[in-house]
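Student: So that we are looking at the same thing, I have put the structure below in C-alpha cells.
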Amino acid sequence: MQTESESFELIIILALVAVFILFQLRRTLGKKTGYDPMDDKLNSEKNKPNSRYNDQQGKEDDNVIPLRQDQEKPASIVNLGLPKSSPFYDIIEKINFMDSSFHLRAFYDGAEQAYRLILDSFWSKDKKNLRSMLSRQVFDQFEGAISNLEQQKLHHDNKIMDIEKIDLVEATLTGSMAEITLEFTSHMIMATRDSDDKIVEGNDKKTIKIKDIWTFCRDVKSIDPNWTLIATRTG
C-alpha cells in the first residue's frame, strides 16, 4: 500500500510527463506542413495581370537596366568633305572605307601644295623633284618641255599669286586604285625670258587667270600616303 509520500512523488512525475508531451505537441503543431489553400490564393494573385503583387514587382523591374552585349553601337557619322548630293559621294565614301584617314578637304590641301611644288619644280627645271611626284608619262611630257626650253636657251619667270579655288571634277575607284581629278583656278604672273633675260613671251607685270585640270592616282590600300600626278590639261 502506497504511502502519502510515494503518491505525491507519482503526481509530480506524471505532471512533468504531461508538460513534456504538451511541449512536443506545440512544436509539432506550430510548423506549417502539407497542403494550405492560402498557397493557391497567393499564386492566383501573382498570376493576375493587374494585381498588387505584379504592380510591386513591376516597380522593382523598372529599376533594372538590361545589359545587352549584342546591342550594336550607333554607326559614327563621317564628314567626307562633300555633300551627299554630290555625284562623287559614293566613290569618296568607298575610298574613305578603304583608307579611314582620307578626307576630301585634307586631300585638297595636299593637292594645293603639290600643285605649287610641281609647277615651281618645272619652272626651275628641277627634274629630280618632278620625278618623285609624277607618273612616267607625265614626267616625260614635263622633261620634254624643259629640254625644249634649254635648246632655245629660254627659261620661265612665272609665279603663282594665289589659288582661287579647287573643284572636284571626277572620282573613280577600280579595285583599290583611286583616281581623283581636280580643277585648279589660280592667278599667276607668267613670262618667258631668253639668255639675256629679256621677256620673249608673257608679261611680268600682269596677273592672269589660269585653269589647270590635274588627275591624281593612288592605291588607297597602300601604306604609302602619296598621290601621283598621272594627267594634266588646261581648263
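The values are calculated or read from the model by the stated rules, or taken from the named source; none is laboratory data. Predicted, not measured: the structure shown is a model, and the values here were computed from it. Here Cβ is always computed from backbone atoms with ideal geometry, including for glycine, and neighbour counts include all displayed protein chains.
Student: Looking at D126, D140, which is the one that is within 14 Å of A231 (Cα to Cα), among the acidic types (D, E) and free of Cβ contacts under 8 Å to residues at least 60 places away in the same chain? Write out each step before concluding.
Tutor: Values: D126 fails: within 14 Å of A231 (Cα to Cα).
None of the others qualify; the one that does is D140.
Student: Okay, next question. Determine which member of the set G81, G110 is more than 25 Å from L154 (Cβ to Cβ), surrounded by 12 or more Cβ atoms within 10 Å (Cβ to Cβ) and at pLDDT below 95. Before the answer, list the steps.
Tutor: Values: G110 fails: at pLDDT below 95.
The conditions single out G81.
Student: Residue by residue through segment 146-160, note down the ones that are of a type outside the set (S, T, N, Q) and surrounded by 13 or more Cβ atoms within 10 Å (Cβ to Cβ). First the steps, then the outcome.
Tutor: If we filter segment 146-160 for residues that are of a type outside the set (S, T, N, Q), which is where we start, we get 146, 149-150, 153-157, 159-160.
Matches in segment 146-160: I146, L149, L154, H155, H156, D157, K159, I160.
Student: Which residue pairs have Cβ atoms under 9 Å apart, sit 6 or more places apart or on different chains, and have a first residue in segment 93-108 that is touching a residue at least 40 places away in the same chain (Cβ under 8 Å) and a second that is surrounded by fewer than 18 Cβ atoms within 10 Å (Cβ to Cβ) and among the charged types (D, E, K, R)?
Tutor: Partner pairs satisfying both residue conditions: M98/K221; D99/K221.
Student: Within the group L104, L130, which residue is over 18 Å from D162 (Cα atoms), hydrophobic (A, V, I, L, M, F, W, C), surrounded by 13 or more Cβ atoms within 10 Å (Cβ to Cβ) and within 25 Å of the chain's Cα centre (by Cα)? So that I can check it myself, show each step before the final result.
Tutor: Values: L130 fails: within 25 Å of the chain's Cα centre (by Cα).
Every option except L104 fails the conditions.
Student: Of all residues in segment 207-235, how many are out of contact with any strand residue (DSSP E or B) (no Cβ under 7 Å at 6 or more places or on another chain) and exposed (fewer than 11 other Cβ atoms within 10 Å of the Cβ)?
Tutor: Number of matching residues: 2.
Student: What helices (runs of 4 or more DSSP H), lying completely within segment 73-155, carry at least 3 residues that are out of contact with any Ser or Thr (no Cβ under 6 Å at 6 or more places or on another chain) and within 28 Å of S176 (Cα to Cα)? Give the derivation first.
Tutor: Numbers: elements: 89-98, 104-123, 127-131, 136-151.
The helices (runs of 4 or more DSSP H) meeting that bar are 89-98, 104-123, 136-151.
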